[in-house]
């Protein structure tokens, strides 16, 4: 009996579904509140409240560093800020890219490992923004997640490319994303690009360090 061919479009790994659905659900609730589709007091202001609740703020980070106080409520911002967006267009763009890049990365590293890398890389990006951003600026949105996935992709390409030409072709995607981001930052201003670049570099390093076989390599040493 012949084995049926594998489908061209395989299902998304569970970690990618979890990430995409969470971002989509948060945006749906905020959008519905802003358009009066939720019968609740203050629903129209949910997006602003969500940004204040989840966003990373340099002044707040400075207070934590100066006082040595690190409440869990504020530490959670460094993971939560990626799930709140300025609007549905930004959220949709993030979800689409997460589905595409996340599928590739999770199929090779596993969902749990990819989610761990994304959480750490996003937190590193948020902390970097907190160090250089204006005191009144707020960082929200999933762009650091996109660039973290680009960093994971670059690390995987580094390991899998058979030759230099293939490596350069594989690295074209993250390089194009970084160049486009820096160009946009030069035009629009702001320091949120720092979070994207740091998240990308952190994810690249973590994907190399945490790739399968780490324990075996450590034991051999």
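The values are calculated or read from the model by the stated rules, or taken from the named source; none is laboratory data. Just so you know, these numbers come straight off a predicted model, no measurement behind them. Because the Cβ atoms are built from the backbone with ideal geometry, glycine has one as well, and the counts that use them run over all protein chains shown.
Quick look at the values:
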{"item": "Filtered residue count, segment 163-186, keeping only those that are surrounded by 12 or more Cβ atoms within 10 Å (Cβ to Cβ), modelled with pLDDT of 85 or more and out of contact with any helix residue (DSSP H, G or I) (no Cβ under 8 Å at 6 or more places or on another chain)", "result": "1"}
{"item": "Helices (runs of 4 or more DSSP H) contained entirely in segment 58-122, each with at least 1 residues that are in contact (Cβ under 8 Å) with a residue 24 or more places away in the chain, over 12 Å from the mean Cα position of the chain (by Cα) and farther than 17 Å from residue 145 by Cα", "result": "58-67, 88-109"}
{"item": "Residue count, segment 123-139 (criterion: touching a strand residue (DSSP E or B) at 6+ places or on another chain (Cβ under 7 Å) and in a helix (DSSP H, G or I))", "result": "3"}
{"item": "Residue in segment 140-152 that is free of Cβ contacts under 8 Å to residues at least 60 places away in the same chain, within 24 Å of residue 96 (Cα to Cα) and outside any helix (DSSP H, G or I) present", "result": "no"}
{"item": "Test: residue in segment 30-47 that is closer than 20 Å to residue 147 by Cβ, buried (at least 18 other Cβ atoms within 10 Å of the Cβ), under 23 Å from the mean Cα position of the chain (by Cα) and at pLDDT 95 or above", "result": "no"}
{"item": "Every pair of residues 6+ apart whose Cβ atoms lie under 6 Å, when the first sits in segment 27-49 and is within 18 Å of residue 86 (Cα to Cα) while the second is surrounded by 14 or more Cβ atoms within 10 Å (Cβ to Cβ) and modelled with pLDDT under 90", "result": "32/38"}
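One line per residue, one yes/no per condition, for (1) surrounded by 12 or more Cβ atoms within 10 Å (Cβ to Cβ); (2) closer than 27 Å to residue 50 by Cα; (3) touching a helix residue (DSSP H, G or I) at 6+ places or on another chain (Cβ under 7 Å):
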| site | (1), (2), (3) |
| --- | --- |
| 119 | yes, yes, yes |
| 128 | yes, yes, yes |
| 160 | no, no, no |
| 193 | yes, yes, yes |
| 206 | yes, no, yes |
